[in-house]
Every structure is written in structure tokens, then in C-alpha cells.
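Remarks on the structure that follows.
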Amino acid sequence: MSSTKKHPRALIAFGLVLAIVSGACASTTTTGGASTAPVAVASATATAAAKATCAAKKVTIAVPVTPPNVVHLTPYVADAFGYFKDENLTVELIRFDGGVGSLRASASGAIDLAGTSSEPVIDAIANGADVKIVYSYAPNVDVTFAVGPSIKTMADLKGKKMGVQEPGGFADVMTRIILKKAGIDAKDVTFVTTTTAGRVQALATGTTDTAVLHIDQVRTVAKANPQIHVLANMWDVLTDYQYSVYIVPTQTLKDDPSTTECLIRALMRANRAMYDAANRQKIIDLGITQTKEDADVVAATFDDLVKAKAWPQNEGVPANNINGTIKSETDFGKISKPLTFDTISDLSVVKKVIAQLGRKDFPY
């Protein structure tokens with residue numbers, strides 16, 4: 001792991017320590033009405049790269065977490081700030097309770113762009129799914145492995161109830177990685193399925209003994225039960241690992257690359273807008289509305305994620321991260337087909353958008 005990646009994650013860890021010490025996808029849809037965009041991030045000098053213009057149309061984006069956490073706000077920001085409207089697009093955000101459902105919708109061709117964690121995508125491609133990774137809303141893992149008061153060490157996980165979502169989904173994979181690190185066979189624990197929204201409450205009430213939680217969820221659960229604590233920060237466990245990706249069917253890139261370009265351009269503007277202090281309060285207000293979390297939790301988490309450089313400003317899909325995830329899934333026996341960064345990713349569209357908007361001095 002490079003020093004560039006260590007520093008941002010250390011900032012997240014500091015925020016989590018403060019949070020703990022203080023203690024104190026069935027889908028629904030939302031169609032956003034675009035509003036006047038606030039101050040945009042000043043970008044580097046753009047080149048004369050040709051820019052696709054999309055005809056006015058309605059498109060769909062699958063979002064994999066219901067309700068979203070702060071790290072998932074990119075498409076909501078793009079909608080609220082008018083970036084989709086600037087591309088002549090009316091976007092419907094179709095919510096799923098996990099990345100597996102989002103992936104399936106994309107593979108079926110029913111979705112124009114789907115956000116999901118990387119593991120189900122890599123597994124699906126290894127098993128013949130014809131989709132490509134084209135962009136990301138958060139390249140690096142930002143979650144913790146949180147546990148109840150009866151768990152003090154890794155060895156204490158044996159016999160406990162592991163809170164996960166769907167098999168093969170992000171929380172399931174993170175949990176199995178921790179069990180492997182602890183030297184505990186998955187047969188020696190009980191996997192308990194929870195919803196995204198319900199996993200905080202399940203851990204707080206003892207329905208589960210563990211949960212894979214985003215930063216804002218750690219702060220929320222600490223309010224509900226100060227005895228909950230972090231057993232491991234996953235960014236320390238996984239040094240080269242891709243958290244999220246955006247995917248499209250390969251055929252879409254052949255038949256209609258313009259729509260993908262217009263969507264990525266709007267999303268990239270949203271990712272870059274996260275770093276403009278003039279936008280901070282509007283994004284926090286949007287986050288409170290969408291996440292349903294307390295204002296102090298959203299504000300502190302947003303600031304942590306900005307310091308940690310959670311949102312990409314360029315391609316957002318580092319080859320080392322993708323290759324590290326492929327290795328992890330191979331080591332777990334989830335995939336046996338040889339995969340490479342180039343065979344599962346197509347960054348031609350996002351590179352074109354960067355040529356239009358200008359490349360930022362940023363790690364990804």
C-alpha cells in the first residue's frame with residue numbers, strides 16, 4: 001500500500017476513535033428534481049476532447065444501499081446539483097438492498113448504470129456475465145468490523161452470530177475475510193441476514209454479534225449502545241482492494257456509449273463537488289435527508305470522508321485495487337477463471353470525460 005493511501009485512511013481511523021470514545025435490494029424509487037447547481041469545483045484546464053451530447057431522455061441508475069450512507073451520496077448530489085439535467089437526462093435512482101440486486105438488474109439490461117461493490121461483479125464476470133467496470137463512487141474500503149461487548153479478540157468470534165446481507169455481497173465477503181484472518185472456519189459461526197438499514201439496530205440490540213459498518217453507522221450504533229466497539233478497520237486488513245464500482249453491460253458500451261459518457265460526466269462533477277467547501281452544507285443537508293441519520297453524524301462523517309479522499313476525482317478504479325480484489329476472490333475459491341484488470345474494466349469512457357473536464361492532481 002502506498003503512503004498516499006495510508007494517510008487518508010489514518011484520518012478515517014482518527015475520526016472513528018473519536019466516534020467510539022464519544023459513545024456520546026425489492027426496490028423503491030426516487031426521481032429527483034434538479035436544482036440550480038452551487039459553486040462547482042474549479043477543474044484543471046480541459047482539453048478539446050469531443051463531448052457527446054445526449055438527447056433528452058429518462059435513464060436509470062441502480063443504487064445498492066437503502067437508505068444510502070454518506071459515502072454513497074454521489075448520484076444524489078449529481079441529481080440535486082443539476083448535473084444530470086445539464087446532460088439532458090432525467091435520472092431515476094432505483095434502490096436495492098445490496099450490490100447483488102443492483103448487479104443483477106444491470107446484467108439483465110434493465111439499468112443504464114449500476115453501482116455495486118466490486119466482489120459480486122468480479123464473481124459474475126468470472127461466471128460469464130457480460131458487464132464492464134467503467135467508474136466508481138468510492139475506490140477504497142471505508143468500513144469497519146464492529147462487534148458487541150462479548151467479543152474482545154478475534155478468537156472470540158467463534159460461535160458468534162455474524163451479521164451479513166446477501167451471500168456473496170459486500171458484508172458477507174468482509175466477514176469471511178475477518179474469519180480467515182482469525183483462523184476460524186465459517187462453519188463455526190452463524191450467519192444472520194439483515195437489511196442494510198437494519199444492521200445497525202441488529203448489532204445494537206444483540207440480534208447479531210458483528211456487523212460490517214460504514215463510518216456513519218459506527219457513530220450511530222455507538223449512540224445506541226456505547227459498548228459496541230471496532231474490532232478491525234477493514235482498510236488496515238485490505239491494503240489493495242476495490243470497494244465500489246459502476247458497471248454497464250458490455251453491449252451498451254458498443255451500442256450507446258454516449259449515455260454512459262453523459263452519466264459519468266455528471267457523476268464525476270458530483271464527486272469533485274464534494275471537495276469544494278462552498279458545497280459542504282448543501283451536501284450535508286442532502287445527506288441528512290437521504291441517509292435518515294442525525295445531523296452531527298452526517299456532518300462529521302462527511303468531513304472524515306473528504307479528508308480521506310473517499311470520492312475519486314479521476315478514473316476511480318486503480319488497477320492495484322482491482323487486482324487485489326481478484327486475488328482475494330480467487331484465494332477464497334469464489335472464482336477459478338483467470339481475470340485481469342483489462343478484461344473486466346473498460347475505462348475508455350471515463351478517460352474521455354477526464355480529457356474534457358481536466359485531470360485533477362489526485363491519487364485516483
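In region 219-241, is there at least one residue being under 24 Å from the mean Cα position of the chain (by Cα), within 25 Å of residue 363 (Cβ to Cβ), surrounded by fewer than 17 Cβ atoms within 10 Å (Cβ to Cβ) and acidic (Asp, Glu)?
Yes: one or more hits.
Enumerate the pairs (first residue in region 209-233 and under 10 Å from residue 149 (Cα atoms); second residue anywhere and among the basic types (Lys, Arg)) with beta-carbon separation below 6 Å, excluding pairs fewer than 6 apart on the same chain, so at least 6 apart or on different chains.
As it stands, the answer is 209/160; 209/161, since those pairs meet every condition given.
Quick one: residue 152 ticks every box in (1) modelled with pLDDT of 95 or more; (2) crowded, with 20+ Cβ neighbours inside 10 Å; (3) of a type outside the set (A, V, I, L, M); (4) part of a loop (DSSP other than H, G, I, E, B) except a single one, so which number is it?
Against the list (1) modelled with pLDDT of 95 or more; (2) crowded, with 20+ Cβ neighbours inside 10 Å; (3) of a type outside the set (A, V, I, L, M); (4) part of a loop (DSSP other than H, G, I, E, B), residue 152 comes up short only on (2).
Grab the helices (runs of 4 or more DSSP H) fully contained in region 236-341, keeping just those with 3 or more residues being hydroxyl-bearing (Ser, Thr, Tyr) and within 18 Å of residue 113 (Cβ to Cβ).
Correct list: 257-273.
When region 197-216 is examined, which residues are found to be of a type in the set (Ser, Thr, Tyr), part of a loop (DSSP other than H, G, I, E, B) and surrounded by fewer than 17 Cβ atoms within 10 Å (Cβ to Cβ)?
Within region 197-216, 207 is the sole residue that qualifies.
Listed here are the residues, each with its yes/no results for (1) in the same structural domain as residue 299 (by TED's automatic domain parsing); (2) more than 17 Å from residue 65 (Cβ to Cβ); (3) modelled with pLDDT of 95 or more.
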residue	(1), (2), (3)
162	no, yes, yes
168	no, no, no
182	no, yes, yes
194	no, no, no
226	no, yes, no
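Please tell me if residue 194 is more than 17 Å from the chain's Cα centre (by Cα) and surrounded by 17 or more Cβ atoms within 10 Å (Cβ to Cβ).
yes
The values are calculated or read from the model by the stated rules, or taken from the named source; none is laboratory data. No experiment lies behind these values; they were computed from the predicted model shown. Backbone-built Cβ (ideal geometry, glycine too); neighbour counts: all protein chains shown.
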